[in-house]
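For reference, the structure is listed below as structure tokens.
The values are calculated or read from the model by the stated rules, or taken from the named source; none is laboratory data. Because the structure is a prediction, the values reported are computed rather than measured. Neighbour counts run over all protein chains shown; Cβ positions are idealised from the backbone, glycine included. Side chains are part of the model used for accessible areas, which takes the heavy atoms of the whole protein and leaves out ligands, DNA and RNA. Shrake-Rupley method; radii C 1.70, N 1.55, O 1.52, S 1.80 Å.
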Amino acid sequence: MSHIVEIRTEVRDSEALHRACQRLGLQQPIKGKFILFTNEAEGEAVQLPHWHYPVVFELATGQMKFDNYGGRWGDPKQLDQLLQTYAVEKASLEARRKGYLVTEQSMTDGSIRLTVHVGGAA
């Protein structure tokens, strides 16, 4: 039996965020306070390529803060890719912690299909 799951991504897991950055070839997140143009944010920051300011994740709330000036200071597609990769890493980590087998397939439209095998079913 298969189930379709829709995921709304809130970044709350440092390990999954670090794995996502490693997978995408990004620098590892840095904890601290960061300036975002005229505002400040505190959390784990990821510097995306060609972005003027980092994306800052407040893990306790799941919120992220960034300033890309409507796409002029950073390509939103890069943030979308980071969030997608984080969601894959988080779902995979949780499934494996429960002893499930996870397989992954990249789709032609850029999406990623995860299959979680429960109870040894293939």
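Quick notes on this one:
- For Tyr53: the one exception among (1) surrounded by fewer than 20 Cβ atoms within 10 Å (Cβ to Cβ); (2) of a type in the set (Phe, Trp, Tyr); (3) modelled with pLDDT of 95 or more: (1)
- Selection from region 4-34 of residues that are at pLDDT below 95 and open to solvent by 100 Å² or more (accessible area, probe 1.4 Å): Ile4, Val5, Glu6, Ile7, Arg8
- Failed item in (1) over 17 Å from Val11 (Cα atoms); (2) at pLDDT 95 or above; (3) basic (Lys, Arg), with Lys90 passing the rest: (1)
Rundown of residues vs (1) of a type in the set (A, V, I, L, M, F, W, C); (2) out of contact with any Cys (no Cβ under 8 Å at 6 or more places or on another chain); (3) touching a residue at least 60 places away in the same chain (Cβ under 8 Å); (4) under 21 Å from Ile112 (Cβ atoms), yes/no style:
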{"site": "Gln28", "(1), (2), (3), (4)": "no, no, no, no"}
{"site": "Phe34", "(1), (2), (3), (4)": "yes, yes, no, no"}
{"site": "Tyr53", "(1), (2), (3), (4)": "no, yes, no, no"}
{"site": "Arg72", "(1), (2), (3), (4)": "no, yes, no, no"}
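- If you go through region 68-107 and keep only what is open to solvent by 70 Å² or more (accessible area, probe 1.4 Å) and either polar (S, T, N, Q) or more than 27 Å from Asn39 (Cβ to Cβ) (or both), you end up with Gln81, Arg96, Arg97, Lys98, Tyr100, Leu101, Glu104, Gln105, Ser106.
- Enumeration of residues in region 36-50 that are under 22 Å from Gly25 (Cα atoms) and open to solvent by less than 40 Å² (accessible area, probe 1.4 Å): Gly43, Glu44, Ala45, Val46, Leu48
- Leu114 being among the hydrophobic types (A, V, I, L, M, F, W, C) and either within 21 Å of Met64 (Cα to Cα) or over 18 Å from the mean Cα position of the chain (by Cα) (or both): no
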